[in-house]
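Q: Quick one: structure below, then a few questions.
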Amino acid sequence: MGNDVDWYQEVLKANINVHSMYTELRYAILEAGTVIMKYRGKVNNKGKAQKGDSTSAGSAFTDIDEIAQEIILARLYKVNPYAMVNAEEDTPLRKLFRGNDSDITLHLDPIDGTLSYVEGRDMFASGAAISMGDKFTHTLIYAPARGKLYSAYPGCCNVEAVDRDYSTSNFSIRTIFAKKVFSEKGVKVLKDLGFEVISDNYGAHVSSIDAILGNIAGVIHGFTNPHDMLVAAAFARSYNKIPYGIDGNEVTGKDLVMHMENGLPVYERIPVVGYFSDEAEERILPLMLDSALWDKKFSEKRT
């Protein structure tokens, strides 16, 4: 951790823009969260398929997703219009960022866990990360239904109470959220170890935070975008935790594959990313090397 802090201090000497972005991002996410909470459980799920997005056809989508993203990007554009932006929604402001500053990338999902949001539950968040080169250096995740802002950068980590806790969740510390990554055998093995395996509309950002803090045993997603399961990476590092990949190794920026499309960065999906509590990490990591425990599509990715 100390080396990260020293490295970050050197980065700031060369590029103060990154901390200005982080500061502005905090205000932007809180502002967007006010709008998001106003319409929680009051908007319809339009679905990505209706937008013509075949790659995310099964994903939930509302008008508030786009509005929240524009609120956030409008503030960041004033600070650094040269940053690369990897954002969930294809909004007008996203196209204005020039991407000249390729060393700094913003990864943004304005409402992660949209279906939970539409249903009026609390398992959603507005989250963003900043990566510099191959390092995910900053995390900002605002869970407005919980009244909590989770933030981190090298040398600093905070869980801030923004408002009263509206949370209605009641998951146990034995719960693992696994979005169809394990085979039937894998699920049985985990259950035999005493874990409860759930595939639910639990947002990637909120579940990552809960696993890092030990509120649940873990979360593991397959074929995930960096703006989903890697947003919490800097926060995890502050707790001496890492995002695990399919072979039990750390997922970093070096694992990302990106190409430009119409002037915008497009990232390939990462096969598997997971976070675990201390106990679950000790018991589950050895299992990740057994291909028989994975759903077939993930087993093929390991070979």
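Q: Using the per-residue mean of other Cβ atoms lying within 10 Å as a proxy for protection, in what order, highest first, do the peptides 262-270, 67-75, 142-150, 276-284 fall?
A: Put in order of decreasing packing, that is 142-150, 67-75, 276-284, 262-270.
Q: Want the number for N44 to S20: 0.36 nm per residue separation, take away the alpha-carbon distance, what's left?
A: So the extension gain works out to 5.1 nm.
Q: Towards the positive end of the charge dipole of the chain, with charges on Cβ (+1 Lys, Arg; -1 Asp, Glu), say which of T224, Y39, G194 has the farthest Cα.
A: Going by the Cα projections, it comes out as Y39.
Q: Right, here's the next one. Roughly speaking, what is the stretch gain from K297 to D192, that is 0.36 nm per residue apart minus the C-alpha to C-alpha distance, in nm to one decimal?
A: 35.5 nm
Q: Per-residue HN-Hα couplings for region 146-153, Karplus 6.51 cos²θ - 1.76 cosθ + 1.60 at θ = phi - 60°, whole Hz, x for Gly and Pro?
A: My calculation for region 146-153 gives 9, x, 10, 10, 9, 9, 6, 8 Hz in order.
Q: Taking H placed 1.01 Å from N in the peptide plane, check which residues at least 5 places from A83 or on another chain put their amide H under 5 Å from its amide H.
A: R98, G99, D101
Q: Follow-up question, since we're still on this one. Label-point separation (nm) for K95 and E279, each offset 7 Å from Cα along Cα-to-Cβ?
A: So the two model labels end up 5.2 nm from each other.
Q: List, in order, the whole-Hz ³J(HN,Hα) value for each residue of region 262-271 obtained from phi through the Karplus relation with A = 6.51, B = -1.76, C = 1.60 and θ = phi - 60°; use x for Gly and Pro.
A: For region 262-271, the Karplus-derived couplings read 6, x, 10, x, 10, 9, 5, 6, 8, x Hz, x marking Gly and Pro.
Q: If you don't mind, another one. Rounding to the nearest 20 debye, state how big the charge dipole of the chain is about its Cα centre with +1 on each Lys and Arg Cβ and -1 on each Asp and Glu Cβ.
A: Roughly 440 debye, rounded to the nearest 20.
Q: Could you give the length gained by full extension between D6 and A74, i.e. 0.36 nm per residue of separation minus their alpha carbon distance, to one decimal place?
A: Answer, rounded to one decimal: 21.4 nm.
Q: Then there is this: Go through K95/K180; K78/K241; K95/K135; K180/K296; K180/K297; K179/K297 and tell me which ones have a Cα-Cα distance over 22 Å in this structure.
A: Result: K95/K180; K78/K241; K95/K135 exceed 22 Å.
Q: List the residues, sorted by chain then number, that are 5 or more residues from F182 or on another chain and whose placed amide H is less than 5 Å from its amide H.
A: D295
Q: Using the Cα gyration tensor of region 151-303, with a ≥ b ≥ c the square roots of its eigenvalues, what is the shape: rounded (a/c below 1.5), prolate (a/b larger than b/c) or oblate (neither)?
A: It comes out oblate by the Cα gyration axes.
Read-outs: derived from the displayed coordinates by stated rules, not from any lab. These numbers were taken from a predicted model, which means no experiment stands behind them. With ideal geometry, Cβ positions are generated from the backbone for all residues, glycine too; neighbour counts draw on all protein chains shown.
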